[in-house]
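Just below is one structure, and these are the notes that go with it.
The values are calculated or read from the model by the stated rules, or taken from the named source; none is laboratory data. Predicted model only: the values in this text are computed from it and were never measured. As a convention, Cβ positions derive from the backbone with ideal geometry for all residues, glycine included, and neighbour counts pool all protein chains shown.
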Amino acid sequence: MKIAITGATGVVGRNIVPRLLARGHEVRAIVRRAGAAPRFAAIGAETAIADIFDADALAAALDGCDAAANLASVVPRPGTPSGWDENTKVRVDGTRSYVAAAKAAGVRRTVHQSIAMINKSDDGAWVDETSAYHATPHTNSAIELENIAQESDLDWRIIRGALFYGPGTGRDEFWRSEAHAGRLQVQGDGTDYLSLIHISDMASAVVAVLEASDERETYMACDDEPVTYNNLFDYICRLEECDGPQPGGPNILPSFRARNNKLRKLGWTPHFPTFRCGIV
């Protein structure tokens with residue numbers, strides 16, 4: 001297939017492009033600035049210049065492609081509270097523009113990146129793709145993204161990524177530095193769950209969803225071992241040989257304990273099945 005990637009310079013996109021090329025696909029990286037082109041040319045990918053909010057330019061960039069993945073995102077870096085409004089605009093207005101562009105370009109197979117945090121685990125219960133949405137200030141835009149995708153007449157696929165960590169995300173580095181500074185705090189009393197996914201496993205999951213034959217499906221991308229904040233941050237502090245985390249951190253994310261069973265049916269398995277394999 002010839003596959004276009006929007007958000008190709010992002011942490012997920014940078015990991016996906018070489019994987020698609022290695023599997024024999026042609027790849028067109030859609031970027032906002034021409035300066036990004038040499039990076040992709042060096043590994044054998046095409047580039048096209050377009051902004052996610054410019055549907056006409058985006059349609060031209062998608063022209064001739066068999067499939068596309070919209071990975072555009074501006075989620076604030078760990079420890080940076082600002083930037084959520086811009087991310088909402090990308091998720092909502094950007095997704096509307098992307099759907100319109102895909103229709104205009106005749107690209108029916110489209111993948112949309114959402115988040116696993118839209119499903120809340122009450123009392124530690126497991127959640128999957130069928131679980132009810134849980135709206136919060138940080139998840140509302142992802143819910144709207146999914147609604148826009150599902151209301152289109154395209155061959156949409158949605159992949160809900162768990163909490164990213166690994167190279168380029170800044171997350172595990174932030175946790176380690178906070179632990180050393182004595183500022184690492186668990187969310188609330190530390191008993192809430194979070195599901196994680198290494199960034200390389202997220203990239204391979206998107207590839208699997210792009211190649212899948214099933215249309216109009218949603219997949220949860222996470223590792224095999226959801227963990228409580230207490231257990232995760234205790235582990236980080238032991239690795240860093242410093243005092244344990246403190247209670248009373250802000251409740252930013254809903255507790256979510258996700259399953260990856262449906263994604264595994266596509267043949268995908270996480271290279272890092274647990275945080276203990278990815279944070280060392």
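The set of residues in the range 9-31 being among the charged types (D, E, K, R), surrounded by 16 or more Cβ atoms within 10 Å (Cβ to Cβ) and not in a helix (DSSP H, G or I) consists of Glu26, Arg28. Looking at Phe233, is it buried (at least 20 other Cβ atoms within 10 Å of the Cβ) and either of a type in the set (S, T, N, Q) or assigned to a helix (DSSP H, G or I) (or both)? So Phe233 passes the test.
Screening the candidates Ala102, Ala72 for the property of being within 22 Å of Val206 (Cβ to Cβ), surrounded by 19 or more Cβ atoms within 10 Å (Cβ to Cβ) and modelled with pLDDT of 95 or more yields one hit, Ala102. Scan the range 211-241 for residues that are touching a residue at least 24 places away in the same chain (Cβ under 8 Å), of a type outside the set (D, E, K, R) and over 18 Å from Trp268 (Cβ atoms) and the total you get is 10. Listed by position, the strands (runs of 3 or more DSSP E) inside the range 138-225 whose residues that are modelled with pLDDT of 95 or more, more than 12 Å from the chain's Cα centre (by Cα) and over 21 Å from Ser121 (Cα atoms) number at least 3 are 155-161. Exactly one residue among Thr88, Thr47, Thr95 is of a type in the set (Ser, Thr, Tyr), part of a helix (DSSP H, G or I) and modelled with pLDDT of 95 or more, and that residue is Thr95. Are there any pairs, at least 6 apart or on different chains, whose C-beta atoms fall under 9 Å, with the first in the range 140-160 and among the hydroxyl-bearing types (Ser, Thr, Tyr) and the second not in a helix (DSSP H, G or I), and if so, which? Close Cβ pairs satisfying both conditions: Ser152/Thr110.
All of (1) touching a residue at least 60 places away in the same chain (Cβ under 8 Å); (2) part of a loop (DSSP other than H, G, I, E, B) hold for Val74 with one exception: (1). Looking across the range 98-137, the residues that are more than 15 Å from the chain's Cα centre (by Cα) and in a helix (DSSP H, G or I) come down to Tyr98, Val99, Ala100, Ala101, Ala102, Lys103, Ala104, Ala105, Asp122, Asp123, Gly124.
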